[in-house]
Ligand code: 2AL
């Protein structure tokens with residue numbers, strides 16, 4: 001998709017907005033649906049602020065629900081080709097589509113341990129990581145206290161959303 005400016009965003013009707021921004025938060029189009037009603041937006045930062053405020057205002061069950069909408073890194077959906085386009089691109093960018101069998105197995109084991117401990121999948125902004133760092137970070141976060149880990153994981157959701165929004169708006173990626 002071509003980059004767009006904020007006037008274009010502000011002119012979108014509900015359906016168009018949800019089509020374009022529905023996957024800023026992975027598989028959570030409801031968040032884009034809610035953000036639309038806050039328009040007009042003054043700029044990308046303002047738009048982003050509304051996505052993040054919605055996440056922050058959710059009860060813990062809703063925040064965990066957002067995490068559960070994320071596919072595992074290098075998991076079954078990647079093998080089966082059923083990832084969203086954004087997730088596919090992020091996982092490929094981190095080198096997770098070209099792991100060898102040992103690396104895939106190690107990640108699958110760590111992902112399973114993480115899910116068993118916290119009750120939601122491990123989430124990390126893959127575009128800011130790489131195939132060596134992902135298992136290292138997973139092994140580290142596996143030992144964090146649950147309340148801290150929920151905060152960390154939601155921070156990663158926001159990093160992913162920031163990069164996806166920046167792509168759509170054609171902004172510098174900071
Ligand atoms: C993902 C994903 O789909 N894209 C990304 O950056 N991270 N998933 C995950 N479990 O962290």
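Overview of results
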{"read-out": "Computed helical MRE - 222 nm, the chain, DSSP H runs ≥ 4 contributing -39500 (n - 2.57), nearest 500", "value": "-19000 deg cm²/dmol"}
{"read-out": "Whole-number Å³ per residue for the convex hull built on Cα positions in the range 1-173", "value": "110"}
{"read-out": "Extension reserve of the residue 34-residue 49 stretch, reckoned as 0.36 nm per residue once the Cα distance is removed", "value": "4.1 nm"}
{"read-out": "44, 58 arranged by Cβ crowding within 10 Å, fewest neighbours leading", "value": "58, 44"}
{"read-out": "Spin-label model distance (nm) - residue 128 vs residue 80, 7 Å beyond Cα toward Cβ", "value": "3.0"}
{"read-out": "For the chain, built as a Gaussian network whose Cα springs stay under 10 Å, the top-fluctuating residue of 68, 117, 127", "value": "117"}
{"read-out": "Relative contact order computed over the range 1-173 (Cα-Cα under 8 Å; 6+ residues apart), in percent", "value": "28"}
{"read-out": "Most mobile listed residue (143, 70, 50) in the chain, GNM with C-alpha springs under 10 Å", "value": "143"}
{"read-out": "Residues 97, 82 arranged by fewest to most Cβ contacts within 10 Å", "value": "82, 97"}
{"read-out": "Theoretical FRET efficiency, 1/(1+(r/R0)^6), r = Cβ-Cβ of residue 58 and residue 100, R0 45 Å, to 0.05", "value": "0.70"}
{"read-out": "Cβ-based exposure ranking for 46, 167, in which fewest neighbours within 10 Å come first", "value": "46, 167"}
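Readers should treat all values here as calculations from the given coordinates under stated rules, not as data from a laboratory. Computed from a predicted model, the values in this text were never measured in an experiment. Here the Cβ is made from the backbone with ideal geometry for all residues, glycine too, and neighbour counts use every protein chain on show.
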